[in-house]
Amino acid sequence: MNMSSIARTAAVLLATGVAAAAQEPATSAALPSAGPPMSEGQGFTESGGAALYAQVCAACHQAGGEGATGAAAYPALLHNEKLASAGYPVTVLLYGQRGMPPLGRMMSDTQVAEVVNYVRTQFGNRYGDAVAPEDVKAARP
């Protein structure tokens, strides 16, 4: 085989995905798991405020709720006085705000209530008036 034939064969393999498919098992096997798998589909499957926060919110707001800055600014939930009003985090989850997408639209009323109640009682926040799924339902678009 000459160089021209090798180049054409490589181009065909890459274009059809054969080369990528052949490498996929080796690549997948070499990568360690980054943690629990992401939710599948158009909604989140996790239940409980801690699990929802860990899977959905912590990537931006950080595991300890301290927020982050860099390519974007993610507000701290740690000692956040805006969380004193139970309706505020519900509204932000359902409608989004600035760079945050409306993730609550991918959650059930119960899931939204659970993650809001979790955030309002963790990270130095001590807001005891719990949000009920009925409150979330009433606030939905």
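The table below gives the values:
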quantity	calculated
Val90 being among the aliphatic types (A, V, I, L, M), within 19 Å of Gly43 (Cβ to Cβ), buried (at least 16 other Cβ atoms within 10 Å of the Cβ) and touching a Leu at 6+ places or on another chain (Cβ under 7 Å)	no
Search result, residues across the range 71-87 that are open to solvent by 70 Å² or more (accessible area, probe 1.4 Å) and among the small types (Gly, Ala, Ser)	Ala71, Ala73
Per-region count, the range 72-101, residues part of a loop (DSSP other than H, G, I, E, B) and free of Cβ contacts under 8 Å to residues at least 12 places away in the same chain	4
Condition met for Ala26 (at pLDDT below 85 and either part of a helix (DSSP H, G or I) or within 28 Å of Thr121 (Cβ to Cβ) (or both))	yes
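Here is a yes/no grid of residues against (1) modelled with pLDDT of 95 or more; (2) part of a helix (DSSP H, G or I); (3) open to solvent by 70 Å² or more (accessible area, probe 1.4 Å); (4) small (Gly, Ala, Ser):
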{"position": "Ala34", "(1), (2), (3), (4)": "no, no, yes, yes"}
{"position": "Phe44", "(1), (2), (3), (4)": "no, no, no, no"}
{"position": "Val56", "(1), (2), (3), (4)": "no, yes, no, no"}
{"position": "Arg105", "(1), (2), (3), (4)": "no, yes, yes, no"}
{"position": "Glu114", "(1), (2), (3), (4)": "yes, yes, no, no"}
{"position": "Asn117", "(1), (2), (3), (4)": "yes, yes, no, no"}
{"position": "Phe123", "(1), (2), (3), (4)": "yes, no, no, no"}
{"position": "Ala138", "(1), (2), (3), (4)": "yes, yes, yes, yes"}
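The values are calculated or read from the model by the stated rules, or taken from the named source; none is laboratory data. None of these values were measured; they are calculated from a predicted model. Note that each Cβ is placed from the backbone with ideal geometry, even for glycine, and that neighbours are counted across all protein chains shown. Heavy atoms of the whole protein, side chains included, go into the accessibility calculation; ligands, DNA and RNA do not. Shrake-Rupley method; radii C 1.70, N 1.55, O 1.52, S 1.80 Å.
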